[in-house]
1. Would you mind ranking W417, W511 by Cβ crowding within 10 Å, fewest neighbours first?
2. Roughly how far apart, in whole Å, are the Cα centres of the stretch 295-358 and the stretch 128-192?
3. For the stretch 226-382, what class follows from the C-alpha gyration tensor (a ≥ b ≥ c being the square roots of its eigenvalues): rounded when a/c is under 1.5, otherwise prolate if a/b is larger than b/c, else oblate?
4. If I model a spin label at A280 and H397 as a point 7 Å from the Cα along the Cα→Cβ vector, what separation in nanometres do I get?
5. Using the basic label-point model (7 angstrom from Cα toward the beta carbon), what is the S29 to T434 distance in nanometres?
6. Just tell me which lysines come within less than 21 Å, Cα to Cα, of K480; anything on the same chain fewer than 8 places away is out.
7. Just to confirm my numbers, what's the Cα centroid distance between the stretch 432-450 and the stretch 217-286 in Å?
8. Assuming 0.36 nm per residue, please report the length gained on full extension of the stretch E324 to R508 beyond their Cα-Cα distance.
Amino acid sequence: MGCASKRASDPDMDVRQLAILLDVRQALSAPLDLKPALERVLQKLESGQHLVRGAVMLRGQDGDGVQTAASLGFSTDGQRTHDELGDGIAGRVMQSGRPALVPAFSRESLFAKRAPARAGSPVTTFLCVPILLDRKAVGALAVDLEYEESRDYEAAQRFFAALAGTIGDALKAQRAIEEERQHLLDENSRLRRQLLQRYDFSNLVGTSGPMRQAYEQIAQVAPTDTTVLIRGESGTGKELIAHVIHYSSLRAKKPFLKVSLAALPTTLVESELFGYEKGAFTGAFARKRGRFELAEGGTLFFDEIGELNAATQVKLLRVLQEREFERLGGTQPIRSNVRIVAATNKNLEAAIAASEFREDLYYRLNVFSIFVPPLRDRRPDVLLLAEYFLTKYSRQHAKPIRRIATPAIDMLMSYHWPGNVRELENTMERAVLTCEGAVIHGHHLPPTLQTAESSGTLLQSSLSDAVEQYEKDLILDALKSARGNRARAARLLSTTERIVNYKVRKYRIDWRRFREPAPGSAAPGRGDRESP
Ligand SMILES: Nc1ncnc2c1ncn2[C@@H]1O[C@H](COP(=O)(O)OP(=O)(O)OP(=O)(O)O)[C@@H](O)[C@H]1O
Ligand SMILES: [Mg+2]
């Protein structure tokens, strides 16, 4: 320990103490971890104030339990420091909020009992000041100073009180930061929960097992930035799902732009996507921004990604990998923060085999794939969709149509819907337009559906037949979702296992065949095998 060269009465002592205070303030200004900062404070005191040993004790945030936040000069471990100071004088200082001073203090009596090796410690000046936070003592700064006969004890006490004040300020700031952080974390998880609840699937109609599975996948992937590949036959609702993903994501307030690759001439694709600089080619009179720039921060939906030409495939791969691109005729790379959602009804695996689609691009796009099943595989949704479109179009065309007649329902239910939801939507709009009364009848439906009727099945079908068919479909669907587990299927249908067993026997349903992985699962390529 350095020899005491300055005395408390020295005129420049205050300046030195001020310098230390300033130093300490700096050390304690917004540290993430208080412990090393407090240790630095003690080190400064050691060199500047002839500190023999010192410790900062803090009460736990819940008010009980005292811990050594930092200590210096104790050969004992933190626990011992605690025993020596926490229960003793420091404890009392914390309790009373008043400082304690022992001008000539010998630890001998203390150490003699607990640590005989320390016996013979020199006499020191012991000073302990409370650390206040909002006027409550939350800790104490305890120091042993080299004993100096002429020390100005009052001045020393003032200095250490100021120091404890600085520590209190730092503590307050740190607890505020911690509180703020905790608040932000809570807020974050609250917003996340809210976001999940707020998923607006309201314009996505369907309660069938395959659709529920699709909803789960959408909810899972929407809040991330993951690239999504949506697969399924034409008219199944791929674009609608791309919409839902965007508007359920954190990018919802940013643009959602669509690139229809099937509709865009090959020669225009690149300038549409990446834009061009003035003079990039004949006719480029001014700089034009491409869809990537226009969709910045949002989502870019590539419809019919299978139609993308080879040269543009390479460029798209680069954006996906490096998140940057250049305008045509430009040299400056432009950073891009755009989420890609792509859709296809094409068999991309076959296109890869035929060298029409890059395998590396395929893997970049196929990070998360959602399979939208054809409508014929989700029969329970047909009626729901038909009614949804009925409401939509009767409102749009201001017609007071209230319901669909049972024979017409039969026709809708038994048709195989090669054009999927789009075909059903067109069918219902047409029916609304041709309907004069309050009910949609079979003759309001297009001839393609009449074929089923003329096949004889429908003419004879009674209400009970139709209901039975519907019931059978529902049970099949539930069994599919429950992978052949009849108890679970019963729960899905809000009925009892006994009733499900009874119906399974009645309709001669072979539930065992659903025991394998659900046929509606989103295996890549499934949609394409069924594509025309
Ligand atoms: N589950 C659904 N609920 C309500 N409307 C739906 C649903 N699925 C599809 N539609 C509607 O059906 C029509 C066709 O859907 P969409 O355009 O999304 O199909 P797609 O799979 O993109 O077809 P394509 O491959 O031919 O482009 C749209 O008008 C859409 O709103
Ligand atoms: Mg589409």
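Please treat every number below as a calculation from the coordinates, not as lab data. Just so you know, these numbers come straight off a predicted model, no measurement behind them. So basically every Cβ, Gly included, is an ideal-geometry build from the backbone, and we count neighbours across all protein chains shown.
1. W511, W417
2. 57
3. Here the stretch 226-382 falls in the prolate category.
4. If labels sit at A280 and H397, their model points lie 4.4 nm apart.
5. 8.1
6. Candidates past the 8-residue exclusion: K472, K503, K506.
7. 37
8. 60.4 nm
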